[in-house]
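First up is the structure itself, then whatever we jot down about it.
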Amino acid sequence: MNAAAAPLPADVGADAARALLREMLRIRRLEEKCAELYSGGQIRGFLHLYIGQEAVAVGAMIALGPDDAVVATYREHGHALARGISAVSLLAEMFGKLEGCCRGRGGSMHVFDAARRFYGGNAIVGGGLPIAVGLALADRMQGRRRVTACFFGEGAVAEGSFHESLNLAALWHLPVLFCCENNLYAMGTALALSEAETDLCLKAASYEIPAWPVDGMDVVAVADACRRAVTAVRAGGGPCFLELRTYRFRAHSMYDPELYRTKEEVEAWKRRDPIPAYAARLREAGLLDDAGLAALEDEIARELAGAIERAEAGTLEPVSELLRFVYAEAPAP
Amino acid sequence: MNAAAAPLPADVGADAARALLREMLRIRRLEEKCAELYSGGQIRGFLHLYIGQEAVAVGAMIALGPDDAVVATYREHGHALARGISAVSLLAEMFGKLEGCCRGRGGSMHVFDAARRFYGGNAIVGGGLPIAVGLALADRMQGRRRVTACFFGEGAVAEGSFHESLNLAALWHLPVLFCCENNLYAMGTALALSEAETDLCLKAASYEIPAWPVDGMDVVAVADACRRAVTAVRAGGGPCFLELRTYRFRAHSMYDPELYRTKEEVEAWKRRDPIPAYAARLREAGLLDDAGLAALEDEIARELAGAIERAEAGTLEPVSELLRFVYAEAPAP
Amino acid sequence: MSASPAAKSSTRTTYRGAIRSALRDALQRDPRVFLMGEDVGRYGGCFAVSKGLLDEFGPERIRDTPLSESAFVGAGIGAALGGMRPIVEIMTVNFSLLALDQILNNAATLLHMSGGQLPVPLVIRMTTGAGRQLAAQHSHSLEGWYAHIPGIKVLTPATLEDARGMLWTALEDPNPVLIFEHGGLYPVEGELADDAGPVEIAHAAVRRPGRDVSVFAYGGTLAKALAAADDLASGGIEAEVVDLRTLRPLDTEGILASVSRTHRAVIVDEGWRSGSISAEISARITEHAFYELDAPVARVCSAEVPMPYARHQEEAALPQATTVVETIRRLVGGGDA
Amino acid sequence: MSASPAAKSSTRTTYRGAIRSALRDALQRDPRVFLMGEDVGRYGGCFAVSKGLLDEFGPERIRDTPLSESAFVGAGIGAALGGMRPIVEIMTVNFSLLALDQILNNAATLLHMSGGQLPVPLVIRMTTGAGRQLAAQHSHSLEGWYAHIPGIKVLTPATLEDARGMLWTALEDPNPVLIFEHGGLYPVEGELADDAGPVEIAHAAVRRPGRDVSVFAYGGTLAKALAAADDLASGGIEAEVVDLRTLRPLDTEGILASVSRTHRAVIVDEGWRSGSISAEISARITEHAFYELDAPVARVCSAEVPMPYARHQEEAALPQATTVVETIRRLVGGGDA
Ligand SMILES: Cc1ncc(C[n+]2csc(CCOP(=O)(O)OP(=O)(O)O)c2C)c(N)n1
Ligand SMILES: Cc1ncc(C[n+]2csc(CCOP(=O)(O)OP(=O)(O)O)c2C)c(N)n1
Ligand SMILES: [Mg+2]
Ligand SMILES: [Mg+2]
């Protein structure tokens, strides 16, 4: 069976198949709101949108169980939502409210949720990889059959921490799934200007890590590849590396004048937008019609409107608590 | 022609062939003296002997011209001598004397000689690689057809700076010759305990850098490989990577109890000692006899005795000059 | 480049613009100069400082690097050894930690440990500071911390003149020079003389004279110190505001000269308080002017906390003009700060 | 492990041995504890501290790492988040710069920026200091510099008791704790109580009481301060020697208590002078005890120079008991230090 043409990920029922669409749409609509809210000054700091890449986070997350761990970057709204962090918790965080997942301290770049084993939200390129290795080491040493999924951009591949982390994970056969989201640019630097060898799977192979490229604009392909990889990793075979080929439709951050790529290139990729593509497949499979899509959009619009309202109604952390948690208040568990 | 069996490096005359033996012997005898002087307390700090690896530095240096640059590590006496730094300058440095190549400030680990473009003597594992890349970049930008040879141990391969430097050199097609001296151990850590992929040439290939392994116990093989590589690098083809397979006969440093390897392993490698092996080939080729060897040993013994004497007679940098050269005294040239 | 009759004319520009023209100028003047860093070229610079330079000077001299802070800073050192005059841009100070080994163990040591053989004429520029809600990993002010390292110089331009002139001076310096540009200053506007050139970097500058208290500031805190001085003046307290300009080597004499006029001192420092450059200044004043002091030296620093994103908490964590005013009132009023 | 009747007995051991037994103890007591670092296993530890532990606890818990400081320190953070109690050994402080991004941007920030969700119970040990002719890249004393970073704790054991006890306390601390072991102390011998256990880390300790001057020292400088005090005593000057023990958080109260007894203070610090922890201590004393001081606070620090190899120059660059004596004589004699 040709995975790329399959209407659904293997072994997934109709509801779950529709849920993939819903998750991608939720991310898309939430981030469109974020862009507005940023223009309105309600969100500040750096804001990195995931629009265009939704299939990656959504496809990958369904491959993980609740005990698995996720490490992500500053471009992590999609991963956070797909991992089950609520829109209100995320928005309140971006509004700098106490009700945010990090009390408003982290903002867009630093989403954490210990209960969901969502470990950031790291704003240093490559900074999350060693942490993922350590989480996996802890699982291995405690005999837990868990997987740590570590997301990072192709720009991170040039960092020393990438090299050190992949080697360590492979050397110690640790259960890490390295998910490299290759959206072709690191800010304004195209992959060919940052890597002598642009075939990223070859790089992974130089640590003896099994690696394969995946069409990151196809949520089904992502889900299937991740499930295959997670199975291998969970079975104790050591890390896997996936190159998820994708594209960001928006600027790097809200400050980016996008001098480094053409409108045509962006438009060409937009024609591969993962959301309409997947919606079309659901239609073909008889799992979606106009009414169904409208209902979905409506449901999401209501969820987000409610979330924004609640986040806006949130409170501010008292200034008297500024110094709380510089050091821990209680012994570690 | 089978290079490993060739009596001489290609295109090298009899004198030059004998010079290779002399250089290896000079290094060996100098370092044997260093070990004694260390026990006697005249040399202090960390002392890392090169004994067993002499064929690498000697074979590599004859491939370089005087305008080329060399970057080395804390295990660099051999490279320094082979590059033309005098024994007295080196010994005085190890004695902490003003007459040392660095006024006694660097000691064994930090040998520098700007006139010979010998840029250290770096005691941070992996620390020299980015500097070599920069030296090569300067040559490239100034249109000079020079090569920078960068020596490092196989332990450095795990460092992030290795990865970043190889990528940068390859991406920008810089004239660096990466000489990885694989002596199988980084202190007490065997290669297989530090690299998931122990074929180091495969690693280099993941930056699209041409790479090949070389018998580092065979000075002819080293010289031939280095000359081939230097030619390619100088021609503008970008960096090359050589894995020079070798072994250190002595402890990592003078403090090392050598718990991590067996005497048998060391003995087995000693049977491949590059010096007697090459001497035997010179004999076979009719370029050396007992008298010749004895004369050579004698000449070296006299050189070293004289050097030690002169180094001992050296003076100490006045304490009043301690702060000199924290900042430069004159504008840079 | 000859002295023109219009030498006294000036142009309205920004701190960003002043740095850009300093870069352009350096690139035009000396073929050994080049700029290298992440997104300095095609992107136009993360903070648009180098916008346009790629078109003007081409990709050989305006070099976009991979995300490899350690390698490209080290390559800057090597290129300086090899006769070039590299300007390495580290996008922000937050990422400079990845290159700290190269800076401290190589750039700062090579000349001394080689016995004077190897000067490293390297300039490293980076953005520093908080105030834009960039949170814990993007808001460090480590310039004072870097000033601990012998062998490097640390410059912190706070004015357009210094933004324009310090780069030139740094490039002529045979030592590694780190220039910290406060992110909040880039859009600041002002007049800059058309013939603005190199500036000396050995001395602090009195930006506002006063007799009652010396306020030492630099980079991003200078404006706060000046605002505080304005405020205090209306209440009859005349604060002398001193722009430190160079954090290493510190202009101890300039600092002491001001203290000997005012007999009171406050340091305004965006770094975390403990072990900050403000501690060093306080210690030096105590060591050299103890008997001149009418009150203990006081410090206004950042709270010792990873910078929070929320605006109100970030404001609370940073030194503010109001805190400077309160501190000085207490000091001049006779109490301990 | 129960309190034995022989609890008061003691054994002759070394600083190295005290740390080794602390490690062994921790590994025995808590299955979540493991040791990871370069050459901690098969080599036996660069300074033989962990010798024998591999045989006793096996390669899962005594983990030799590749030369990848950034990754294995970051992995320590991750493992701590994942419920382990890692002890990460960075062979020496000189290499810790390669891991500084992980320490400052992750270990120190995660708890705060996650709003209290993610404590990082990680212990990082490293050798620090000069004095063994290891030259410019192997002789740093950066523990005071590290003390600038909020979110971490910085311990500097100077005695056998602290070498034995601080590790235990650090492991029970929910925060990232850095322990700096001075390389010159490893062979130091002494008696250690057989029941030596955890020690509190919140307070400085008076190692020798005195009324004339407070001498603050830590780690490698404590012995020099004590030697100076001995020397001074013969001349009738009674120095109170205070071992700081913990550089972050500093025991300000303990420092001030001593100064309020002696009215004079000297700090002996192996760090480079500018921006050292000694500057912070000086600033704090000035801030809180200015009117108690009979003389300006003085500092005896390392010369601001990459450490030279030659013995006489290294000795000249480092703080020495003789310099401490001279400084105190001047101070007590009434002049500025
Ligand atoms: C170590 C470091 N260097 C530079 C930056 C600035 N920066 C933030 S995102 C980014 C580009 C990263 O690109 P990539 O890894 O491909 O991820 P993407 O943004 O495309 O998702 C850069 C250079 C940073 N955050 N950290
Ligand atoms: C960054 C760094 N980490 C650790 C050390 C301590 N150290 C010195 S030499 C060495 C082993 C290096 O092995 P390798 O690169 O193979 O070179 P070799 O000693 O075998 O020549 C180590 C770990 C160091 N100097 N620098
Ligand atoms: Mg990208
Ligand atoms: Mg080796």
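Just so it is clear, none of the values below were taken in a lab; they were calculated from the coordinates. These figures come from a predicted structure and were not determined experimentally. Quick reminder, even Gly has a Cβ in these numbers, built from the backbone with ideal geometry, and neighbours come from all protein chains shown.
Quick notes on this one:
- If you run the Gaussian network model on chain D, springs between alpha carbon atoms under 10 Å, then out of D:49, D:268, D:93 the most flexible one is D:49.
- Within-13-Å neighbourhood charge of residue A:142 [Cβ basis; K, R +1; D, E -1]: +3
- Point-to-point label distance, residue D:252-residue B:32, nm (Cα→Cβ direction, 7 Å offset): 6.5 nm
- Partners of residue B:97 within straight-line reach, counting lysines whose Cα lies under 24 Å from its Cα and excluding those fewer than 8 residues away in the same chain: B:33.
- Considering only B:170, B:51, B:127, and ranking their Cα positions along the charge dipole of chain B that arises from unit charges at the beta-carbon of Lys, Arg, Asp and Glu, the one farthest toward the positive end is B:170.
- For the range D:267-337 versus the range B:96-170, the inter-centroid distance based on Cα atoms is 36 Å.
- Percent RCO, i.e. relative contact order, over chain B, from Cα pairs under 8 Å lying at least 6 residues apart: 23 percent
- Approximate spin-label separation residue A:267-residue D:9, in nm, with each point projected 7 Å along Cα-to-Cβ: 8.8 nm
- Rel. contact order, % - alpha carbon contacts under 8 angstrom, at least six apart, the range C:102-196: 36 percent
- Most fluctuating residue given options A:15, A:139, A:215, as computed from a GNM of chain A linking Cα atoms under 10 Å: A:15
- Integer Hz, Karplus 6.51/-1.76/1.60 couplings in order for the range D:200-207, x for Gly and Pro: 6, 10, 8, 10, 6, 10, 7, 8
- Net charge of Cβ neighbours under 12 Å - reference residue B:207; Lys, Arg +1; Asp, Glu -1: -3
- In this assembly of identical copies, the label point of residue D:291 (Cα plus 7 Å along Cα-to-Cβ) is separated from its counterparts by 2.2 nm, sorted shortest first.
- Chain A's nearest residue to the axis relating it to B, judged by Cβ and reported with the distance in whole Å, is A:160, 1.
- Inter-copy label distances at residue D:11, shortest first and taken from points set 7 Å along Cα to Cβ: 7.6 nm.
- Positive-end extreme of charge dipole, the protein assembly as shown - chosen from C:114, D:100, B:274 (charges on Cβ): B:274
- Taken about its Cα centre, chain C carries a charge dipole of roughly 280 debye when the Cβ of each Lys and Arg holds +1 and the Cβ of each Asp and Glu holds -1.
- For chain D, the longest principal axis of the C-alpha atoms and the axis of helix D:160-172 are separated by about 50°.
- Taking every alpha-carbon pair under 8 Å whose residues sit at least 6 apart, the range A:90-195 reaches a relative contact order of 19 percent.
- Annotation note: GluC sites (Glu not before Pro) in the range A:16-67 located in DSSP loop regions with a Cβ neighbour count of at most 12 within 10 Å are absent.
- Computed magnitude of the charge dipole of the protein assembly as shown (debye, nearest 20; Cβ of K, R +1, Cβ of D, E -1): 400 debye
- The Cα center of the range D:170-232 and the Cα center of the range A:13-59 differ in position by 55 Å.
- Ignoring aspartates and glutamates fewer than eight residues from residue A:203 along the same chain, the ones with Cα atoms less than 12 angstrom from its Cα are A:154, A:195, A:243, B:197, B:208.
- Dipole of the range C:205-279, positive end: most advanced residue of C:246, C:216, C:265 [Cβ charges, Cα centre]: C:246
- Counting only Cβ charges, +1 for Lys and Arg and -1 for Asp and Glu, the dipole size of the range B:145-212 around its Cα centre is about 340 debye.
- Rg(Cα)/(2.2 N^0.38 Å) for the range B:1-147, N = residue count: 1.09
- Electrostatic bookkeeping for residue C:302 treats Lys and Arg as +1 and Asp and Glu as -1; over the other residues with beta carbon under 13 Å from its beta carbon, the sum is -3.
- Within the range B:240-333, GluC sites (Glu not before Pro) in DSSP loop having at most 10 other beta-carbon neighbours inside 10 Å: B:329
- Highest-fluctuation residue, C:22, C:217, C:265 considered, GNM on chain C with Cα pairs under 10 Å: C:22
- Cβ-vector label at 7 Å, residue D:263, separations to other copies in nm: 2.1
- Loop-located GluC sites (Glu not before Pro) across the range B:134-182 with a Cβ neighbour count of 13 or fewer within 10 Å are lacking, with loop assigned by DSSP.
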